[in-house]
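> Pasting in a structure now, in structure tokens, and then I'll have a few things to ask.
The values are calculated or read from the model by the stated rules, or taken from the named source; none is laboratory data. What you see is a predicted model, and the numbers here were worked out from it, not measured in a lab. Counting neighbours? That spans all protein chains shown, and the Cβs are built from the backbone with ideal geometry, glycine included.
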Amino acid sequence: MKIPKRDVVKFVVKSVLSKKSAGTQQELSGLVNAELRKVDPDYSVSGKRLREIALTISEVKIEVRVRKGGTPKRCPSCSSSLKKTWDRNLRGRKVLRDLICHKCGYRGTTGRWSPSKYGFSMKK
């Protein structure tokens, strides 16, 4: 198994997403790996690396769906820092309302912090 360079993966992601959007990271990984194997049968890219590369492409829109889970310290999608938004409850205590990543668009709200699905498409 050979690991393709970032530029090759970026080009293949753009070409795949220009034809069809991917509803999950696994679907995108399958489409991209199929295209990469046409170039070289030994090429392969993991889902995590593919997501990280797709985050750097400005033409790609990534939708992150979240589910219940623990509060992350860093962005679960791209590992950058998160902006916290606080509210006060009826008793006057501070309560964490939102976690927002300005780099990738991740947004977790009140108890729903863990990503469950990533959707990939081209921006219009």
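Conditions (1) among the polar types (S, T, N, Q); (2) assigned to a helix (DSSP H, G or I), marked per residue:
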position: 13; (1), (2): no, yes
position: 26; (1), (2): yes, yes
position: 31; (1), (2): no, yes
position: 41; (1), (2): no, no
position: 50; (1), (2): no, yes
position: 53; (1), (2): no, yes
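> Does residue 7 count as surrounded by fewer than 17 Cβ atoms within 10 Å (Cβ to Cβ) and in contact with a Pro (Cβ under 8 Å, 6 or more places away or on another chain)?
Spelling it out, it is not the case that residue 7 is surrounded by fewer than 17 Cβ atoms within 10 Å (Cβ to Cβ) and in contact with a Pro (Cβ under 8 Å, 6 or more places away or on another chain).
> Going residue by residue through region 85-96, is there one that turns out to be aliphatic (A, V, I, L, M), closer than 21 Å to residue 1 by Cα, over 17 Å from the mean Cα position of the chain (by Cα) and at pLDDT below 95? Let's see the steps before the verdict.
Our first condition is that a residue be aliphatic (A, V, I, L, M); within region 85-96, this holds for 90, 95-96.
Filter again for closer than 21 Å to residue 1 by Cα, leaving none.
Looking through region 85-96, none of the residues is aliphatic (A, V, I, L, M), closer than 21 Å to residue 1 by Cα, over 17 Å from the mean Cα position of the chain (by Cα) and at pLDDT below 95.
> Identify all residues within region 59-108 that are in contact with a Pro (Cβ under 9 Å, 6 or more places away or on another chain), in a strand (DSSP E or B) and surrounded by 15 or more Cβ atoms within 10 Å (Cβ to Cβ); write none if there are none.
The answer is 64, 66, 99, 108.
> Would you mind stating whether residue 56 is surrounded by fewer than 17 Cβ atoms within 10 Å (Cβ to Cβ), closer than 24 Å to residue 113 by Cα, touching a strand residue (DSSP E or B) at 6+ places or on another chain (Cβ under 8 Å) and not aromatic (Phe, Trp, Tyr)?
In short, no.
> Across region 1-11, what is the total count of residues that are among the basic types (Lys, Arg) and either part of a helix (DSSP H, G or I) or in contact (Cβ under 8 Å) with a residue 60 or more places away in the chain (or both)?
2
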